[in-house]
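Where a number appears in this text, it was derived from the coordinates with a stated rule and is not lab data. Predicted model only: the values in this text are computed from it and were never measured. Here the Cβ positions follow ideal geometry from the backbone for every residue, glycine too, while neighbour counts run over all protein chains shown.
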Amino acid sequence: MKHLYLLLMLCLNWTFSFAQLSFTENKGQWEKEIRYKSPIADGALFITSGGLVYHLVDMDKVHALLHDDTSAARYSETIDHYAFRMTLQQHNPNASFTTGQPEPGYENYFSGRDPAAWATAVKRYQEVTQEQVYDNIDLKYYATTQGLKYEFLVRPTGDPSLIRFSIEGITPEIDRDGHLHYITPLGTITETAPVCYQLIGSDTVYIPSVFRLKDQVLSFELKAPFDTRYPLVIDPDMVFSTYSGGTTSNFYAYTSSYDNSGKMYSGGIAWGPGWPVSLGAFQTQFNGDVDVCIIKFNSTGTQRLMSTYYGGSGEDIPLAISVNAAEEVAIGGYSRSRDLPMLTTSYDSTLNNTTRSNQSEPLGDLFVITFNAAGTQLTGATYLGGTDDEASIITAANPYTNDRRINSKTSPLFLRFDNNDHLWLISNTSSNDFPVTANAFQSLPGGLTDGVLCRLNKQCSQLLFSSRIGGSERDFLSYFDYNNQQQLVISGFTKSTTLPVFSNSYNAVPPGDEDAYIFIFDPATSLITNSTYLGTAGIDEALKVAVEPASQHVYVLGITNGNYPVSAGTYAMPNGNAFLHILDSSLSLSIASTRTGHDNTLGVFPNWLPTAIGFGACDEVIVTGIQNNLTPYTLSMPVTPNAYQAAPGAFWFAVMDLSLQQLKYATFLGASGLDHIHCGQHQLDKRGNLYHTICSTNGNFPITAGSWSPVKQNGNLLDIISFKFELAPPREVIADFELAPGYNDIGCAPYTVTFRNNSVNARFYHWDFGDGSSSTLFEPFHTYDREGQYRIILYASEDICHSHDSDTLILTVKKVTDPRLITRDTVICPGTETLRLEALLANPDSIIHIDWQPADAILSSRDRLHITADPRRSLQFTVKAFNKDPLACVLTREAVIRISKYDSLAVLIDPPESHICTGDTVMLTVSGEGQADWIKGLHIFHREGNSIYANPDVSSVYTVRVTDTHQCVYYADARITVTDTIRVDAGPDKVIRYGETVSLEGYSPYDYFWYPPSLFSDNTTAQPTVRPLETTTYYLKSTHGCTAMDSVRVIVTNARIPNAFSPNGDGINDKFYVLQFRDNVTLKQFSIYNRYGERVFYTENIADGWDGSYKGEPCDLGVYFYYVQYIIGEKQYTEKGDVTLMR
């Protein structure tokens, strides 16, 4: 069956716990329209039969009112809400819903007193599918650790162009990168631009696509044809992730790599049987202790292509993988097995190391093996080492441990094929007799640990080159890359001060005790040609290095606890535990440097350990890394708004421009405290895809749909999670434009149009307007003075990936008719209620339509040249001549008739409305010139002056009549409301102990109303009982005509007695106090007794505490007993117990 998959991901900017995201069924607890509800951090998401409804709440204000604001005013605050809807247009109203397996547990909803309205055993799901939402199209919603996703499954006869959402309640925006933004008053929701691809065999074919938004309707458009025989996937980020499929045993993740077609290779160790070996695998059985386990996936992680064990009876660990063009796999690692599978042609088929007196197992050797592409045949194998140990684990936190099973440590080995299919390998040795060749640039041991650089043929039968590199101290090599001359650019770090340097070295002198060291090795001469130290006065270790293909600049990624230099203008993370340094191709010039990683001041160095460095397809540098141990803590690095996972996790990845000035993308991944790695190498390909493995018990890692092993199959044991993450995909330019809203492709000369540029990934624009003129603006406007048909072309391009595209639009411009309106102004007298207005049309035509405004001031039909108007509603009227048919070019003309009055007098009484109590007086003042007559009832009672004092006994209306010099008469009214005066008393303030109740003592001559009412069981009595949990002000109000109000404050406090203290002089818990919450606690007595009943301390001052001494001498460690009496408010309390004295 042919399938067309359309996957659109919705990413919310707000950070929340994705693991809690699920879909709760509606069993009558909500409105019938709702089928499922999913909670989000700032509200809820509702799934209906017709689409999605977002309901957002200002949770910051909710939290502030509930937890921070203790004032009475908080109860008058308004909580802001916002909602908008995404409705599927013309969908099948009879589409049914299906669900995946329910989550453990259920929810109950008890609303009201009628059990028939209760909803019980309500289930939650991670997946909901709306089947046949369109003909042969299903809509699937599901929860992942990065949020909600929805995807469309389009069957062979389905039409993807039918998929459209109508947006109500908000106007989305599409930015230049193609992302869709829903900007609300409570924040912005971003839906990332779709990335489309097809899986054809083992290849991934990308199909450009964009969002389309027109007239509040959202759809998407495929910008290139696709092969309908294969699935099409639209997905923004994770290419794939999968569990290993292993069962019954623990499996540790160590290393990963890739081949030219994007397939992934993962390596780890198996602690027993259960590895999913493939048919015909080289080794199908577990041999003992720990064995190497290797697995190969296709480029989308949906198929296991090869899987095998490799190992002997001892400890065998893979540390690096490399794959050549023929997909032959090379693995380098560490072994303590004397019986590793070898070949008759092996360079060295015997484990060289001895067993130390304090160890039961032999010391280990390096090993290098090669497999054919199918993993069925061992094509090369050898041990490599001397009689002491090899490949010591290297890390600043524990520099020289030999436990290679420790998590999150830097790999002590790396290997890679060269252009001749030979294998270059770097590692370190403690053996004085590590094999070296005659052409070695250093043959003799230098110090305790030396780096080693070796070259083997693919069959591992010949050691073509081998040399040590080391000074008098410890020296380690960590990684290498090839430059354009196939020279090896190698990173490492050293405590030695005598490593080779040159006159042009950027830094020929070691800056500190342990420094990064970079050097270039030329295979043609077998010599080091360039080198430099890098670092500070602290610890600096270069862990990764990469050569940028275009500039040949050397990018060095490492860790530091010193004050590593930050170049001006670079993007830096203050106190970051990692450095990123750019050197020129000769290592003689520093281009730029900056700091990244976790803030060194927030934890033990190094908290973030780099795992890979590489480049995207379009001038980007990528760095990746992980927490350095399993102790959960929060990494301090930032993420970008389009992060795959905004919540902090175990991994952090970042993409920067090549000059290190801009953080273009950053994301977390995984779960802190669960996900980790072991000491192996991981890599990025040239398209910006990260190939990585994780060792974890995490059964909720974001596994992609359709992966090889979507479910963890070994229970709570550790498993290898493999993932491929597209961190910096190629930016293909898509030229796309349209006329801006309000413009049509048919217009009237002179026709000025504005263009909306919807192009994606472009930097430069050239507009050909079709009339001989052009523009390079992003969104220009242009005027067409003459009638005609114009072909408009937009050429879009960018200069980083050198991509370009064009788009075309046809515009028709017609000749124009100009209507001529004739009107005149008029003058009316005060009191005029209606008048006739008229306009003349000098060139009448049946296609010209007439409209008068404002509509509410017109008493007759508005589509005629003469009307009856009401000047009381408006003194200005506009008549418009226009054409309703957009295809006929008639200009819109307007004329204005202004109506003036003789008077300019404005009569107002200040104040227009008053509320007074019995016996009060209010002054009324009239504005405006003329004779003022004050009227109460039907009689004139005052004719002198513009102000009067009114003190009515009852509520009254006062009227003033003003006559101006034109004998125009104006009236104005003022209303005075008279009410009685009362007094209330809320009683004295109270002090209580936390958790207790108190009765208020109020007085009112009439009714009682205490508020906030939600804090009272009965807020209408004189002496209500309250139980505040914090200091609270209550208000008593009584209304009887006039309103009276008074307040009372209930102060809540408490006393707490610790159960231990440590008087050791460190300034923390050095004294044993009676602790009071706020003030208002009075101490009666505080006594402390030793176990013999002897009182060793006494005080009546709550500020005094016992310092752990008696009669000037420190007391023994142990348990002492206290007796405390204190007063809160009107009550006395007694507490006794024991306290432990520690030092």
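If only the Cβ of Lys and Arg carry +1 and only the Cβ of Asp and Glu carry -1, the dipole of the range 498-631 around its Cα centre is close to 100 debye. Taking the Cα centre of the chain as reference, the dipole from Cβ charges on Lys and Arg (+1) and Asp and Glu (-1) amounts to some 1280 debye.
Placing unit charges on C-beta atoms (Lys and Arg positive, Asp and Glu negative, everything else neutral), compute the dipole magnitude of the range 990-1052 about its Cα centre in debye, rounded to 20.
Numbers: 5 positive and 6 negative charges, 30 e Å.
Magnitude of the dipole: close to 140 debye.
A Förster radius of 45 Å combined with the Cβ-Cβ distance from THR498 to GLN662 puts the calculated FRET efficiency at roughly 0.70.
GLU838: net charge of surrounding residues, Cβ under 11 Å, Lys/Arg +1, Asp/Glu -1, itself excluded? Don't skip to the end; give the middle numbers.
Working: positive: ARG824, ARG836, ARG864; negative: none.
With Lys, Arg at +1 and Asp, Glu at -1, the net is +3.
May I ask for the distance between the Cα centers of the range 1048-1116 and the range 698-734, given as a whole number of Å? Computed from Cα coordinates, the inter-centre distance equals 56 Å.
Just want the ordering: MET59, MET306, MET573, from fewest to most Cβ atoms lying within 10 Å of their own Cβ. Don't jump to the answer; show the numbers that get you there.
Details: MET59 14, MET306 24, MET573 20.
Exposure proxy ranking, most exposed first: MET59, MET573, MET306.
With a sphere of radius 12 Å drawn around the Cβ of GLY770, what net charge do the other residues whose Cβ falls strictly inside it have (Lys, Arg +1; Asp, Glu -1)? Once all neighbours under 12 Å are counted, the net charge is 0. A Förster distance of 41 Å, applied to the separation of the beta-carbon atoms of GLU787 and THR188, puts the FRET efficiency at 0.40. In terms of the mean number of neighbouring beta-carbon atoms within 10 Å, the peptides 612-620, 1115-1123, 484-492 order highest first as 612-620, 484-492, 1115-1123. Eigenvalues of the alpha-carbon gyration tensor of the chain, scaled by 5 and square-rooted, set the equivalent ellipsoid semi-axes at 70, 50, 29 angstrom, largest first. Global size of the range 704-804: 23.4, 77 Å for Rg and Dmax (C-alpha atoms, Rg to one decimal, Dmax whole). For the range 990-1052, the normalised intensity computed at q = 0.12, 0.14, 0.27 Å⁻¹ comes to -0.27, -0.37, -1.18 (log10 of I(q)/I(0), Debye sum over alpha carbons, equal scatterers, no solvent).
Counting neighbouring beta carbons within 10 Å and listing from fewest to most, the residues LEU887, LEU841, LEU378 come out as LEU887, LEU841, LEU378. Computed per residue of the chain from DSSP H runs no shorter than four, each worth -39500 (n - 2.57), the mean residue ellipticity at 222 nm is 0 deg cm²/dmol. Summary of packing: across the peptides 320-328, 108-116, the per-residue average of other C-beta atoms within 10 Å ranks them, highest first, as 320-328, 108-116.
Footprinting exposure proxy ranking of ARG85, ARG893, fewest other C-beta atoms within 10 angstrom first, gives ARG893, ARG85.
On full extension of the chain, what length is gained from GLU127 through THR529, given 0.36 nm per residue of separation minus the C-alpha to C-alpha distance? Kindly include the intermediate steps, with their values, before the conclusion.
Details: separation 402, 0.36 × 402 = 144.72 nm, distance 5.89 nm.
So the chain would gain 138.8 nm between GLU127 and THR529.
Normalising the Debye intensity of the range 541-595 to I(0), with uniform scatterers on Cα atoms only, and taking log10 at q = 0.16, 0.22, 0.26 Å⁻¹ returns -0.45, -0.81, -1.06.
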